[in-house]
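J.: This structure is in structure tokens; I'll ask about it shortly.
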Amino acid sequence: MNKTIKFNALAIFTAFILGGFCAKAQLENLEQSLFLNLNCPTAQFNDKLIGIYPPMLKNRVGSGAMVGFGMGYRASYHFDIGYGEVSPYISADFQWNALKGEYRDDFTQAKCTAPNYFNIPVYMGVNYRYQLTDIFTPFVEFGLGADMLLITKETAGPTYNDLKLRYKPTTNFAWQVGAGCYFGPHVSASLHYQGYGKHVIDYSSNTADNLSDPAYLGTVTTTTEINDVVQRNIGMLSLRIGFHF
């Protein structure tokens, strides 16, 4: 499952980059950008884990994320409007967040595998920039699109009756707004907020009792697989360093 998630995510990201290089050869005003992101989780994504853990289970999955990293690609086309430039764009990011360190330590001590969170937002939007000097060009931008949330499989040992939790990919409406500055034509720094909305996380377990009550774990003897869902409001505050060509 983990390998499949990583392969699919990288395939999507690579397709965007290759498509952009092909278009660049045909469109003179096309700008391509690569980004490095530092991501701070917000909303319920940043909530503290409550109760006994591991495992995550219904009351905790989709929360407890640490500051993470990501990368992005954007293709935009420039129009000079006399008072700056307007640039419609399409972009895709690949964001990674693990559980916070204190929570991961508890998983390790319990000989459990902690889940990782991956977000892949895709946006269409508009960037506006105004050149003040040869060096400083401030900008603002806004985008709408969709976010895919991927959560890796969670496993536990005999203490938890070899519990396995598998999470289905989920998509939701997403938006982002950002502001920053170009330093010359090829480098920029900016701050963005990305709202991924309320993801409905669908997961299954090989443990047959009430997934929302950890007190049942350790006493279950059956392995009938059941499903459950939980809703989480997820957002991200991102510091982005861009490279443009």
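J.: Ranked from highest to lowest mean number of other Cβ atoms within 10 Å per residue, what is the order of the peptides 189-195, 128-134?
T.: For the peptides 189-195, 128-134, the packing ranking is 189-195, 128-134.
J.: Can I ask one more? Taking a cut-off of 15 Å between Cα atoms, list the aspartates and glutamates near Lys198, but don't count ones fewer than 8 places away on the same chain.
T.: Asp47, Asp147
J.: Still on this structure, I have one more. Please sort 28-37, 69-78 by packing, taking for each peptide the average over its residues of neighbouring beta carbons within 10 angstrom, highest first.
T.: Numbers: 28-37: 15.8, 69-78: 19.3.
Descending mean neighbour count gives 69-78, 28-37.
J.: Considering the dipole of the stretch 78-128 built from charges on the beta carbon (Lys and Arg +1, Asp and Glu -1) around the Cα centre, which of Asn116, Gln95, Tyr83 is farthest to its positive end?
T.: Asn116
J.: Nearest 20 debye, what's the magnitude of the dipole of the stretch 46-138 about its Cα centre given +1 on Lys and Arg Cβ and -1 on Asp and Glu Cβ?
T.: Working: 8 positive and 8 negative charges, 98 e Å.
Once rounded to the nearest 20, the dipole reads 480 debye.
Quick note: the coordinates plus some simple rules give every number you see, no bench work behind them. All of these numbers come straight from a predicted model, not from anything done at the bench. Because the Cβ atoms are built from the backbone with ideal geometry, glycine has one as well, and the counts that use them run over all protein chains shown.
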